[in-house]
Amino acid sequence: MKIVLGNLTSQLETDNPKILAALRDKYSFPVPGYQYSPAYRSRRWDGKKRYFGSNGKFRTGLLSRIMKDLDKIGVKDIEIENKPENEEYFIPQVGNFEYREYQEKAIYQCLKRRRAIIDSPTGSGKTLIMAGCIAALQWGDYPSAVILFREKGILNQTYEFFKRCGIKDLGYNSGEGYLPGKIMLSTVQSIEKIIDTHLQDAEILMVDEAHQFCKGETTIAAVESFPNASYRLAFTATPPREIAKDINARMVLEGSFGPVYTTRTAEDLIKDGALAKPVIQVIDNTPVSSVDADLTYLEIYENYIVNCDARNDKIKEVVSRVYQSNPQAKILLLVKNLKHIENLQSRIPNCYTIEGKDDIESRYDIIKQFVKDDKPASIIGTNVMQTGISIDEITHMVNARGLSGEVPTLQGLGRGIRKADGKDTMYFYDFYDRIPYLEEHSKQRVKHYKRLKFEVHNVRF
């Protein structure tokens, strides 16, 4: 039996068709909503997506899984063709930064494995891990690297950080401009600009916020466009879990980048004192009147979250109490849309706002003003605050937007748990909305907090 490795796809060669059939069946998973597909209803499709072909082909990142499965059935002697040679790596210091032990281990694992999904909590310094990998590989003779981002704001932050780290020959490519370089930071939306210069030459491919790259065919295609990238590394604080609703996203991500490697859990980093301890305050929000059962989810969201005076007044009360107890408080409020920003801004004094239409420089100017304000201050942001913007000085957060997904919940929470001088605890206020649709979402958020073993309290206002 032999496995022929390729950068994108590999192939298992065997004269035992039962093994191929068993693996094809094992790596077949239902697609969410398959039962509504015309192809499924007409019996032209069984509703499953397959990650192992009947001919033995599979995405190379699944190699370690497949090797384990073969081992379980007693297949031991497998010839690996095109297996890269083991190399010794020197991990240089970057800039004036010192690696924490888990960061240096993560860099070593990236270099050794060549393929990995680095699962590292928000605030754990994953950008430093990325810089360490690049610096170590620059010690050799790798012609070029591409690091892909979904958002230009995160690209810009990473570019500035890499410069502080002393990374050589940096370039960037986004809607805001282009600068040539062997180490190219690019948004996926602007990838066409670097096809001629980096497509064939890039031997290092990295993606940031990798959980977002398994959601669309466009981004998947972008990741798979670099045929000669032998180092393929993904970074995320929230990798898709191996549960039914996320399994296809997990297979796509692992297929492109390999197995998940967890640096440290958020719980570990809190215990170590590397992150502030989040204390979750869940406010019981009972509706003041009965809810029309015929309302759609969007109508309920608008009526009972965005435009709900009683709920918004409770948010105002939360902010007021925080101001009273902590004259130096810096509060971040997360919302979903601009209308909700308007409703809260009219209620909350000394309130800054960040919107999607604000360019990068404007956002940073607003944040600087917010941080330097010598009075208690709040800042309200939409999804632009979920990833890519960190304000270490945040002492309190309010999740005013609801929502149920694990990624927005934990990514949002992650905005506030970075350490700062005198900050060991961050108080996070959420709402348990006892309203159709919204109550189930509330349950899910509480579940996410408890899964990570955060301290959760039920409170009334």
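Can you name the residue in the stretch 313-339 that is within 25 Å of the chain's Cα centre (by Cα) and closer than 21 Å to Leu403 by Cβ and, of all such residues, is surrounded by the fewest Cβ atoms within 10 Å (Cβ to Cβ)?
Per the criteria, the residue is Leu338.
So how many residues does the stretch 41-83 have that are out of contact with any strand residue (DSSP E or B) (no Cβ under 8 Å at 6 or more places or on another chain) and either among the small types (Gly, Ala, Ser) or within 30 Å of Tyr159 (Cα to Cα) (or both)?
The total comes to 5.
Restrict the check to the stretch 246-267 and report whether at least one residue is under 30 Å from Cys351 (Cα atoms), buried (at least 18 other Cβ atoms within 10 Å of the Cβ) and among the β-branched types (Val, Ile, Thr).
no
Could you please find all residues in the stretch 138-155 being farther than 17 Å from Thr219 by Cα and either in contact with a strand residue (DSSP E or B) (Cβ under 8 Å, 6 or more places away or on another chain) or of a type in the set (D, E, K, R) (or both)?
Gln138, Asp141, Tyr142, Pro143, Ser144, Ala145
Considering (1) buried (at least 17 other Cβ atoms within 10 Å of the Cβ); (2) not assigned by TED's automatic domain parsing to the domain that holds Pro240, say which one Lys76 fails and leave the rest.
Failing condition for Lys76: (1).
Checking Val371 against (1) in contact with a strand residue (DSSP E or B) (Cβ under 9 Å, 6 or more places away or on another chain); (2) within 23 Å of Asp421 (Cβ to Cβ); (3) assigned to a loop (DSSP other than H, G, I, E, B): exactly one of these is not met. Which one?
Tallying (1) in contact with a strand residue (DSSP E or B) (Cβ under 9 Å, 6 or more places away or on another chain); (2) within 23 Å of Asp421 (Cβ to Cβ); (3) assigned to a loop (DSSP other than H, G, I, E, B), Val371 fails exactly one: (3).
In the set Asp294, Asp268, which member is more than 25 Å from Lys447 (Cα to Cα) and free of Cβ contacts under 8 Å to residues at least 60 places away in the same chain?
On inspection, the qualifying residue turns out to be Asp294.
Scan the stretch 353-381 residue by residue and report those that are buried (at least 18 other Cβ atoms within 10 Å of the Cβ), at pLDDT 90 or above and not β-branched (Val, Ile, Thr).
Phe370, Ala377, Ser378, listed by residue number.
Considering each residue of the stretch 74-88, count those that are modelled with pLDDT under 90 and farther than 24 Å from Gln109 by Cβ, and give that number.
Selection size over the stretch 74-88: 2.
Restricting the first residue to the stretch 328-347 and requiring it to be over 20 Å from Val371 (Cα atoms), which pairs with a second residue that is part of a helix (DSSP H, G or I) and not hydrophobic (A, V, I, L, M, F, W, C) meet a Cβ separation below 6 Å and a spacing of at least six or different chains?
Cβ pairs passing all conditions: Asn343/Asn312; Arg347/Lys316.
Report the residue count in the stretch 340-351 for those that are on the phi < 0 side of the Ramachandran plot and surrounded by fewer than 18 Cβ atoms within 10 Å (Cβ to Cβ).
Of the residues in the stretch 340-351, 5 are on the phi < 0 side of the Ramachandran plot and surrounded by fewer than 18 Cβ atoms within 10 Å (Cβ to Cβ).
Among (1) within 19 Å of the chain's Cα centre (by Cα); (2) surrounded by fewer than 16 Cβ atoms within 10 Å (Cβ to Cβ), which single condition is Leu413 missing?
Condition not satisfied by Leu413: (2).
Within the set of pairs 6 or more residues apart or between chains, which connect a residue that is in contact (Cβ under 8 Å) with a residue 60 or more places away in the chain inside the stretch 38-56 to a residue that is of a type in the set (A, V, I, L, M) and surrounded by 12 or more Cβ atoms within 10 Å (Cβ to Cβ) with Cβ atoms less than 8 Å apart?
If the second residue must be of a type in the set (A, V, I, L, M) and surrounded by 12 or more Cβ atoms within 10 Å (Cβ to Cβ), the pairs left are Lys49/Val31; Lys49/Met251; Tyr51/Leu62; Tyr51/Met251.
List the strands (runs of 3 or more DSSP E) that sit entirely inside the stretch 106-181 and contain at least 2 residues that are in the same structural domain as Ala229 (by TED's automatic domain parsing), surrounded by 17 or more Cβ atoms within 10 Å (Cβ to Cβ) and not small (Gly, Ala, Ser).
115-119, 144-149, 170-174
Which condition does Lys57 not pass, out of (1) modelled with pLDDT under 95; (2) out of contact with any helix residue (DSSP H, G or I) (no Cβ under 8 Å at 6 or more places or on another chain), if it passes all the others?
So Lys57 meets the others, but not (1).
Where in the stretch 228-297 are there strands (runs of 3 or more DSSP E), lying wholly inside it, with at least 1 residues that are over 28 Å from Arg150 (Cα atoms) and modelled with pLDDT of 95 or more?
277-285
Does Ile194 qualify as being in a strand (DSSP E or B), surrounded by 17 or more Cβ atoms within 10 Å (Cβ to Cβ), in contact with a strand residue (DSSP E or B) (Cβ under 8 Å, 6 or more places away or on another chain) and not hydroxyl-bearing (Ser, Thr, Tyr)?
The answer is no for Ile194.
Given (1) under 11 Å from Leu334 (Cβ atoms); (2) at pLDDT 85 or above, where does Gln411 come up short, assuming only one miss?
Going through (1) under 11 Å from Leu334 (Cβ atoms); (2) at pLDDT 85 or above one by one, Gln411 breaks only (2).
List the residue pairs whose Cβ atoms are under 9 Å apart, where the first residue sits in the stretch 426-439 and is among the basic types (Lys, Arg), the second is assigned to a strand (DSSP E or B), and the two are 6 or more positions apart or on different chains.
These pairs meet every condition: Arg434/Asp284; Arg434/Asn285.
Return the total of residues in the stretch 421-435 being under 20 Å from Ile270 (Cα atoms) and of a type outside the set (Asp, Glu).
Here the count works out to 7.
Scan the stretch 382-394 and give yes if some residue there is closer than 30 Å to Leu298 by Cβ, surrounded by fewer than 22 Cβ atoms within 10 Å (Cβ to Cβ) and modelled with pLDDT of 90 or more, otherwise no.
Within the stretch 382-394 (the criterion being closer than 30 Å to Leu298 by Cβ, surrounded by fewer than 22 Cβ atoms within 10 Å (Cβ to Cβ) and modelled with pLDDT of 90 or more), the answer is no, since none of the residues qualifies.
The values are calculated or read from the model by the stated rules, or taken from the named source; none is laboratory data. Keep in mind that this is a model prediction, so the values were computed, not measured. Don't worry about glycine lacking a Cβ; one is built from the backbone with ideal geometry, like all the others, and counts go over all protein chains shown.
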